[in-house]
Structure formats: C-alpha cells, structure tokens
Amino acid sequence: QERALLWCTLVSAWGAAWGQLRYSVPEEMPKGSFVGDVAKDLRLRLPALREGQFRVVSEDRRQYFALQRQTGHLVTAERIDREQLCRLALKCVLRCEVIVEGEMQIHGIEVEITDINDNAPSFRETETELRMSETAVLGTRIPLREAQDPDMGVNSVQSYELSGDEHFSLAVQEGPGGDRRPELVLAKALDREEAAFHELVLRASDGGDPARTGTARIRVVVLDVNDNAPVFSHRSEDMVRVPEDSPVGSVLVTVTATDADEGINGHVKYSFHKISDQASETFHLDSETGELSLKAYLDYEEISAYELEMQAHDGGGLLDTAKVAIIVMDVNDNAPDISVRSAPSTITEDAPSGTVVALLHVQDRDSGGNGEVRCSLEGGLPFRLEKSFENYYRIVTSGQLDREAVSEYNVTVRAQDGGSPALWSSAVLALRVLDVNDNAPVFAEERYSARVSENNAAGALVLTVRATDADWGQNARVRYRLWEGRVRGAPLSSYFAVDSERGIITLREALDFEDTRSYTMLVEARDGGGLVAHCEVVVEVLDVNDNAPEI
C-alpha cells in the first residue's frame, strides 16, 4: 500500500500544448488509478461531462484509460504492464483522444508508462556448459550469454558477479548500445589431469531498490589440445533485407566458418549466441549448414529489424561469433481502416451548408507511401470531406438539402493507400433528412364550380375540394375551413358547411333560386405548420318549377 501511495505522488501532468495533453503514470498501477485531471486541463464543463457528451477513444481496440464523469479525471481502465505493452521500446507512450460530441472537437492525450522494477534478471539457459582447451593462454575470453531483464534504465541489468573457482575471472564489456556483455576470462592455467571441469556461478543484478538478481550455473570442461578456432568468412556485421511477406521456410542467408583443424576439432557447428525471445520464435539456424531461415511469418508493423549474434564452435570447444542484422521491408499488406467516431443518423433539411454530419478516423498500419491514405466521397451528393485533426476527417454538407427531393442518403467514404497495387476500404453512412414546414398546401384547382338544384335537403353534397402538401408528417396534414362571408346579410356558414378533414362541402339548408341564384365563397387549407392556401368556390343554383302563376 505504501508503494501504491508513492506511485500516486509520482503521477505528473505535463500540461496541454497545441491541443495535446501529456501525462505519465507508473506501470502496474491498479485499475482506476488517477492519471490526470482532463476536465481541469481542457476546461471542460462537469455538467456536460456527466451527461455523457465526452468520450475517450484510442487507436487500439483495447481501452487502457477511462474518463470519470463525476470528477473529469482520466484513470486507468486496467492494470498496465509496460514490458508486455512496449517490449524493448525506450519510451512507452499510449495515445488516446477525448471527443466532445456536441462541438465535434478532438483533444489528443499522450500518457507515458514509466518503468518500475517488477522483473528480475534471468538467463535464457540457467545451466551452460563451456569447453576450453588445457593449452588456452591466460587472458582467454569466452563471451557469456547475457541476462535478460524486461525493465528499462536503472531497473535493467547493471552488474555481473562470478564465483566458484580461482581459475576464472569476469570481465564486462560495454556494447555500442550501452548493454553490458559478460566475458569469462582465464586467470590461471588449466590442467586437465588435475581438474577435468570447473563449476562456476554467474550472478546478474539490476539497479532497483531493492535490487533483483538472477543466476546461471556454468560448467567449464577442459579439453585436450585444439589450437585452431573456427573463423567466420565475414567478420563485420552482415545486413540482410527481407520483404515481410516472405514465406515460411525461406532461406535468408547462409553463414560460413572454417576451421584449419582436422577430424572432430575441425567440424564446425552453428548456434545462436545472442537472440531475443521474438527472434528465436521467428528464425531457425541449421547447426550443420549455417542456413538462416524463417520459421514464422514476419510483420513489419510489429518488428521492423532484428539483430542476431551467431556462434560457430568446433569439436574442441573453440568458437567465433558473427552478427547478422535482418531488416524487414514493408509491403502493402494492410488496407486503410475507417472507423466512425461520431455520426448522427438524422439531419434537418434546413441545416446550413457546412454542417458536420460525421467524424471519421482513417489509419493505415503500413509505412511510407504504403501508409499514405487518400480519402474521398463517392457520388454527386451534397456533402464534402474535410481534414480535421491528424488522421481525423469530417463529412459536412456542401449545399442545401431538400427532403421532398431526397429523403435519405447513403454516403460512401472510400480510403485508398499509396501502395502498388493500392489497397482500399470503404464505409457507408446512412443519413435520414428530417422534414421542416417549407411547403404550403396546394389546391388541385384554383377555382371550383358546382350546380345545385334549389330545394335540396340539408346535408346534400355540393362538391369536394382537395389540397396536398409536399411536407411529411404533421407538416403535411391539411385541414379545411370556410372563410366567412355574407349573402343578403346572412353568413355563408348558414348555407354551407365544409368537412375540415376531407374538404367535402355540403348544404346546411335548402337553397331558393328565387332568393339567390349563385354563391361565391373562399375555402382555406392550412397545414400542421401553419402555412395556408385558398381556393374560390362558385355554386350556381338551378331553378325548379316550385312556384305557381299569380294573377
């Protein structure tokens, strides 16, 4: 618990610059450990954060961090193992983004995972047998296998100690990369008749507090005279370039060493002397022929270079070493990946030009020209694609939308890389256009006319008017009413009635030709949004013989 508290005090915010936040946190912190106060550093509003208007996303499918809605703190979503995550990288940085949904903004976050001393040094082989001629001169050196410690910096291997026999001492050479390479040094002449073998213990220690150690037992077998060691034909480091799509079983290079001795003392065998776990799973060295071949597929995006140290030893125990650098060449084996970070499914038809309808992230794991991606929209649609932030793109409207013309769009985004042949991928976004009340009702005819015989009963059908509205839903629902007018001082509504839903005009009472021979009225059609239209209706009354002559 005290160590956890100490780690928490070491967490430091690096500050925001150009939209980027940088934090650091030690590895192996428990889930929910504080990383940084994102709400404070980005000046985010906590009420909007609690309403879920902010999200944390990362390029990897695995989410290592989460954003607490109550506090705005960025915390770990799981326990993070730096050695598993970054392997041999000197600096382990995880990247994620905070997306502000309502404002379509992105803020980048970098979190450095710092190392702790959670691994002890270890040797690939805890028991090693070496062979040395009894005529070996004082000062003869034999390279020993280095201890491996996944930790970095001072927590990695810092020192070696040798114990067990006065005939040998230990020398530690510093390699060009700063690594420490132990060598067994002959300090006292050997005599096979006096001692046929010597038992030694090699201890490796790291620089942690407290330090962790690992040991390996070394048995040195003393041989009779063998005065010629194998010699590699190329003493300098060989460099081999290999395409990442090379098939398993391909021979990459053949190393050759010669020995001037005869018989068993001149028979050379080959083995790996210094090799990482990943390389040992990828490459095979034929002990007899020296052919280096693939036993697993290469992946440039995972590891782009390997350094192998090989050893040639004869039957008498003399040896030589050579290095081979394997440079993996990238091929275009990854299509661009399109992921939709934010995309509302609807938009109103009166949205102004430039309205953002989707936020996309496009990535290609290849490098160089193979990883350069060009994005485009297919079809003559009223949308355009804009570069937003690093690998982010926005789809925005490029003109006025009209639901009555097109009510739904399927927007296809195509991403193509620069490889030869090029690889591409696409994503389809479905967008539905919502209606606004921008269309007034329209009557089938501007002027209606009808003839009605006098003395018809109340409720008799006069005619039917009809208006249509191009809008949708409530905005397209049309209701009818009769504009109030007067005939001989009486309101028109006392003579006629109109059905508000169907537009059917009927008589309220019988008409009298001798009283009024024609009627002219206005009918109004109003949609659900308040837009109106009018038409004129003329009703002519037909005479019937309902009056006798008067003298």
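Subtract the Cα-Cα distance of residue 434 and residue 468 from 0.36 nm times their separation in residues, and report this length gain in nm to one decimal.
Numbers: separation 34, 0.36 × 34 = 12.24 nm, distance 1.90 nm.
Roughly 10.3 nm would be gained on extension.
Site pair residue 534 and residue 337 shows an inter-label distance of 6.6 nm when each label is modelled 7 Å from Cα along Cα→Cβ. Annotation for segment 194-256 versus segment 297-372: alpha-carbon center distance of 31 Å. For the chain, the equivalent ellipsoid built from the Cα gyration tensor has semi-axes of 92, 27, 15 Å, listed from largest to smallest. Rounded to whole Å, the principal axis extents of the Cα atoms in segment 423-551 read 105, 26, 21, largest first.
Rolling a 1.4 Å probe over the protein heavy atoms leaves residue 92 with an accessible area of roughly 0 Å². Each of 436, 493, 395 was scored by the projection of its Cα onto the charge dipole of the chain, and the greatest displacement toward the positive side belongs to 493; charges sit on the C-beta of Lys, Arg, Asp and Glu.
What whole number of Å gives the distance from the Cα centroid of segment 258-284 to the Cα centroid of segment 417-442? Rounded to whole Å, the Cα centres lie 61 Å apart. Here, segment 40-133 yields an orientationally averaged convex hull projection of 9.2 nm² when only Cα atoms define the hull. For segment 116-173, the list of trypsin sites (Lys or Arg not before Pro) that fall in a loop by DSSP and count at most 16 other C-beta atoms within 10 angstrom reads 124. Restricting everything to alpha-carbon atoms, can you work out Rg to Rh for segment 350-431 with a Kirkwood hydrodynamic radius? A ratio of 1.03. Over segment 231-329, the Kirkwood radius and the radius of gyration, each from Cα atoms, give a ratio Rg/Rh of 1.00.
Largest first and in whole Å, the equivalent-ellipsoid semi-axes of segment 127-223 read 28, 13, 10, each the square root of five times a Cα gyration tensor eigenvalue.
Could you calculate the contour length gain from residue 253 to residue 61, that is, 0.36 nm times the residue separation minus the distance between their Cα atoms, to one decimal place in nm?
Values: separation 192, 0.36 × 192 = 69.12 nm, distance 3.73 nm.
Gain on stretching residue 253 to residue 61: 65.4 nm.
The trypsin sites (Lys or Arg not before Pro) of segment 454-551 that DSSP puts in a loop, and whose beta carbon has at most 15 other beta carbons within 10 Å, are 477, 488, 502, 508, 517.
Considering the zone a paramagnetic label at residue 211 would reach in this model (a point 7 Å from Cα along the Cα-to-Cβ line), which residues of segment 129-163 have amide N under 16 Å from it? Flagged as within label range: 147-149, 153-163. The shape of segment 81-186 can be summarised by an equivalent ellipsoid whose semi-axes, obtained from the alpha carbon gyration tensor, come to 46, 12, 10 Å from longest to shortest.
If you count only protein heavy atoms with a 1.4 Å probe, what accessible area per residue comes out for the chain, rounded to a whole Å²? Working shown, then result.
Working: 29110 Å² over 551 residues.
Dividing the accessible area of the chain by its residue count gives 53 Å².
Annotation: extensible slack from residue 517 through residue 194 equals 101.6 nm (criterion: 0.36 nm per residue apart, minus Cα-Cα distance). Label zone of residue 264 (point 7 Å out along Cα→Cβ, amide N under 17 Å): in segment 319-334 this covers 319. Once the Cβ-Cβ distance of residue 148 and residue 378 is raised to the sixth power relative to R0 = 45 Å, the FRET efficiency obtained is 0.30. Report note on the peptides 316-323, 179-186, 331-338: ranked by the mean count of other C-beta atoms within 10 Å, highest first, their order is 316-323, 331-338, 179-186. Using a 1.4 Å probe on the protein heavy atoms, what percent of the accessible area of the chain belongs to carbon and sulfur? Heavy-atom surface of the chain belonging to carbon and sulfur, 1.4 Å probe: 47 percent. Return the inverse of the average 1/r over all pairs of distinct C-alpha atoms in segment 276-424, which is the Kirkwood hydrodynamic radius, in Å to one decimal. Computed over segment 276-424, the radius equals 19.7 Å.
The values are calculated or read from the model by the stated rules, or taken from the named source; none is laboratory data. Just so you know, these numbers come straight off a predicted model, no measurement behind them. For neighbour counting, all protein chains shown are included, and Cβ atoms are generated from backbone atoms with ideal geometry for every residue, glycine included. Ligands, DNA and RNA are stripped out before the accessible areas are found, and what is left, the full protein with its side chains, is counted by its heavy atoms. Shrake-Rupley method; radii C 1.70, N 1.55, O 1.52, S 1.80 Å.
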